[in-house]
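Below is one structure, written out as C-alpha cells; the observations come after it.
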Amino acid sequence: MSGTGSPARVPVRTIGGPTALISYGGLKLLTDPTFDSPGDHPVGDGIVITKTAPPAASPAGIGPVDAVLLSHDEHPDNLDLSGRALLADVPLTLTTRSGAERLAATARSVRGLAPWEGTEVPRPGGGAVTVTAVPALHGPEGAEEVLGEVIGFVLTGDGLPKVYVSGDNASLDLVREVAGRFGPVDTAVLFAGAARAPMFDTTITLDSAQAAEATRILGARRSVPVHFEGWTHFSEGRAELEKAFTTAGLSERLQFA
C-alpha cells in the first residue's frame, strides 16, 4: 500500500550536508554526494564556503549505490570532489539537463531530467521505481540566473510509499505544485538550513518554519531534514528545526535519521 497509510518506513540514512542514503524498493539511492573533509571551497567571484564537519560515512562505508539523485552539480556543498569521483562508479546519476551535459565526460552514466519528467530505475527481482524530477528554486525569483538550474525528486513504485526529495529549493509555491500532483507523501527529505549567499538578502534553501510548512503542505507522515549542518552558510540548525516543528504542532513528524 502506498501513501501515508503505509506502516512501512522508508530507511533514510543521513551522511552529512545534503547527502542521504535512501533504501527504496530494493535500491540504494544517494542524494547530492559530498564526502570531502572539512575545509574551504571556492564557489566563484571570490566567494568561499566552509565545511566544518566530516561526513558520517565514506563511500566505501555505504557500499555500492544504484543511483545518485543530484539536485544540481554546480556547488561544492552539493557535489564535491569526492562526490564527483563517486559518480564514475555509480550505474546511474539523475540530475538537471544542464548538469547532465557538464557531467557527461566523467560520470559513468548520467541522465538529465526536466521538471515533471520521469524515468524508471529497474528494481532487483523485477519491476521498477519511477523517479520524477520536480521543480525547485534555489533562492528568490530569478535566482536560477545566478545559482543555476536545480531540481528535486519524487519516488514512486508499485506497493511503495511516496518519497519527496526537495533538493535546494526555497519555494513553498513549488512545494504546493508537487503536493498537487503527488500528495500526500509518506516521507519528505527536506533540504533545510536556511542557507545564505552574499548576493541575496533572503535565504536560498528552506528555513525551519518553511520546512515545517512544507511538511504540512505535502501531508508528509515523516520529514527527514538534511543540508542544515556542517557548513558555515547554514543559518539554522537542529534546534531551530525542532522549535519550528513544535510550534507548528508537527514535532512527531520530524525525524533526524
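Bear in mind that the values in this text are calculations on the coordinates, not laboratory data. Note that this is a predicted model, so its numbers are computed, not measured. Heads up, the Cβs are rebuilt from the backbone with ideal geometry, glycines too, and the neighbour counts pull from every protein chain shown.
One table, with the values for the structure above:
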item	result
Largest-first principal axis extents, alpha carbons of the chain, Å	50, 45, 34
Within a Gaussian network of the chain (alpha carbon springs, distance under 10 Å), most fluctuating of G118, G126, G17	G126
Label-to-label distance, nm, for residues given as R216 and S37 (7 Å Cα→Cβ offset)	4.5 nm
Interchain or long-range residues, amide H under 5 Å from L254's placed H	S223
Residues with amide H under 5 Å from that of A56, placed H, sequence gap 5 or more	G16
Among T246, T31, T187: highest mean-square fluctuation, GNM of the chain, C-alpha pairs under 10 Å	T246
Rel. contact order, % - alpha carbon contacts under 8 angstrom, at least six apart, the chain	17 percent
Rounded to whole Hz, the Karplus (6.51, -1.76, 1.60) HN-Hα couplings of region 240-250, x for glycine and proline	5, 5, 4, 5, 5, 5, 5, 4, 7, x, 10
Unit charges at the beta carbon, dipole of the chain: most positive-side option, L254, L174, F153	L254
Other-chain or far-sequence residues with amide H under 5 Å of G152's (modelled H)	V134, A136
Share of alpha-carbon pairs per 5 Å distance bin for region 1-127, given as whole %	2, 10, 19, 21, 20, 15, 7, 4, 2, 0, 0
E101 versus A114: modelled label distance in nm, points set 7 Å from Cα along the beta carbon direction	1.4 nm
Net charge dipole size for the chain [Lys, Arg +1 and Asp, Glu -1 on Cβ; Debye, nearest 20]	1000 debye
